[in-house]
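These notes are about the structure you will find just below.
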Amino acid sequence: MADISPFLLAEQKKTLAEFPLHFILSDVNDLPEAVIRDHDLVILNENAGDFPTAVNVPTSLLCRDSSTQDDPGLSEIRRLFETYSFPVPDGDTFNFNLGAVETTEKLCRAKVPFIFISEHSCEACVPGAYQGVISVSAPGNPERIPLKGHDEYTIRFSHLLRVAGQFGYRILRGPLADFFKPDFNDFLMRFLKRRHSTKQEHEILHHFVEDLYQYEYILLTGKDGRTGKNDNHAKD
Ligand SMILES: C[S@@+](CC[C@H](N)C(=O)[O-])C[C@H]1O[C@@H](n2cnc3c(N)ncnc32)[C@H](O)[C@@H]1O
């Protein structure tokens, strides 16, 4: 269990006291590759949106002849766009999940056999039958979520998938509703259709069901589930 926050790491220690866990106080990006390599599965649940996001990046920066040499952050963004052939975004500026893309690259480079990432998505979608009943936001450009004391950004999962694809990972992607499948019976549908109700229980239900689709997950599996490393574990 790695966390950048001493306070939240201490909370997690309390919650998980009965489990044989090793706790590491660190920014995930500072973890040495040797530590990451030692793990068969990495779970980033609701973390990637906290990682640094570059906002209002000029799209012109992605032109070959624009100079980024004075700004290491901009050079890094350009490197990632070139390496993984991310499509050039529409509009004059865009937001970019720099930390989430770099972390995915780091995990894939370390050949972690299984990687699970889930977060608010900026590319969420709702199955046809429930469109108009469940609404999600999907502008394609990472959106700011203002929280108490800090901001988070929604994740453009297609970027993470391009990175994983280039490292040869198999990919499973979907909404959290794949795990928590709502029973869309008449009762629930009636609640969901009361969009303008001011009743608290209607609002809670709406929010919960919408989040099941607003959140996406990806499960990345290395070649043969092991990416050829840690072969000594294969017989366990
Ligand atoms: C929304 S909480 C999710 C916690 C837990 N994964 C869960 O599902 O309940 C986000 C956590 O990510 C941690 N975090 C944010 N940025 C981080 C970073 N760069 N490195 C390590 N942890 C980070 C925060 O301190 C916080 O504990």
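The values are calculated or read from the model by the stated rules, or taken from the named source; none is laboratory data. Keep in mind it's a predicted model, so treat the numbers as computed, not measured. Ideal geometry is used to build each Cβ from the backbone, glycine not excepted, and the neighbour counts take in all protein chains shown.
Of all residues in segment 5-16, those that are under 13 Å from Asp27 (Cβ atoms) have Cβ atoms under 8 Å from Cβ atoms of residues that are of a type outside the set (A, V, I, L, M) and more than 8 Å from the ligand (Cβ to nearest atom), 6 or more apart or on another chain, in Leu9/Phe23. Among residues of segment 64-83 that are surrounded by 11 or more Cβ atoms within 10 Å (Cβ to Cβ), those with a beta-carbon under 6 Å from a residue that is of a type in the set (Phe, Trp, Tyr) at least six positions away or on a different chain give the pairs Ile77/Phe96.
Of all residues in segment 185-213 being basic (Lys, Arg) and either part of a helix (DSSP H, G or I) or touching a Cys at 6+ places or on another chain (Cβ under 6 Å) (or both), which is nearest to Ala138 (Cα to Cα)? Residue satisfying both the conditions and the ranking: Lys193. In the set (1) in the same structural domain as Thr221 (by TED's automatic domain parsing); (2) within 21 Å of Phe51 (Cβ to Cβ), Tyr130 fails one condition alone, (2).
Count of segment 191-216 residues, restricted to those that are farther than 22 Å from Glu123 by Cα and of a type in the set (D, E, K, R), is 6.
Taking the criterion of being of a type in the set (Asp, Glu) and not in a loop (DSSP other than H, G, I, E, B), the residues of segment 133-175 that qualify are Asp151, Glu152. Might you let me know whether segment 46-63 holds any residue that is in a loop (DSSP other than H, G, I, E, B), exposed (fewer than 12 other Cβ atoms within 10 Å of the Cβ) and either more than 9 Å from the ligand (Cβ to nearest atom) or not polar (S, T, N, Q) (or both)? Yes, segment 46-63 contains a residue that is in a loop (DSSP other than H, G, I, E, B), exposed (fewer than 12 other Cβ atoms within 10 Å of the Cβ) and either more than 9 Å from the ligand (Cβ to nearest atom) or not polar (S, T, N, Q) (or both).
Among the residues of segment 168-184, are any touching a Lys or Arg at 6+ places or on another chain (Cβ under 7 Å) and in contact (Cβ under 8 Å) with a residue 12 or more places away in the chain? The answer is yes, given that some residue of segment 168-184 is touching a Lys or Arg at 6+ places or on another chain (Cβ under 7 Å) and in contact (Cβ under 8 Å) with a residue 12 or more places away in the chain.
To keep it simple, each residue is scored yes or no on (1) under 19 Å from Ser118 (Cβ atoms); (2) among the small types (Gly, Ala, Ser); (3) under 22 Å from the mean Cα position of the chain (by Cα).
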position: Met1; (1), (2), (3): yes, no, yes
position: Ile4; (1), (2), (3): yes, no, yes
position: Leu9; (1), (2), (3): no, no, yes
position: Glu18; (1), (2), (3): no, no, no
position: Leu21; (1), (2), (3): no, no, no
position: Ser26; (1), (2), (3): no, yes, yes
position: Glu33; (1), (2), (3): no, no, yes
position: Ile43; (1), (2), (3): yes, no, yes
position: Val55; (1), (2), (3): no, no, yes
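Give me the residue from segment 1-45 that is assigned to a helix (DSSP H, G or I) and touching a helix residue (DSSP H, G or I) at 6+ places or on another chain (Cβ under 9 Å) and, out of that set, nearest to the ligand (Cβ to nearest atom). Top of the filtered list is Val28.
Residues checked against (1) under 17 Å from Glu46 (Cα atoms); (2) of a type in the set (Asp, Glu); (3) within 16 Å of the ligand (Cβ to nearest atom):
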| site | (1), (2), (3) |
| --- | --- |
| Val126 | no, no, no |
| Asn141 | no, no, no |
| Glu152 | yes, yes, yes |
| Ile155 | yes, no, yes |
| Ala164 | no, no, no |
| Leu176 | yes, no, yes |
| Phe179 | yes, no, yes |
| Asp183 | no, yes, no |
| Asp186 | no, yes, no |
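When Thr83, Thr104 are checked against the criterion of being among the polar types (S, T, N, Q), modelled with pLDDT of 95 or more, within 16 Å of the ligand (Cβ to nearest atom) and in a helix (DSSP H, G or I), Thr104 stands alone in meeting it.
Tell me whether segment 20-27 contains one or more residues that are of a type in the set (A, V, I, L, M), modelled with pLDDT of 95 or more and within 29 Å of Thr221 (Cα to Cα). Yes, because at least one residue in segment 20-27 is of a type in the set (A, V, I, L, M), modelled with pLDDT of 95 or more and within 29 Å of Thr221 (Cα to Cα).
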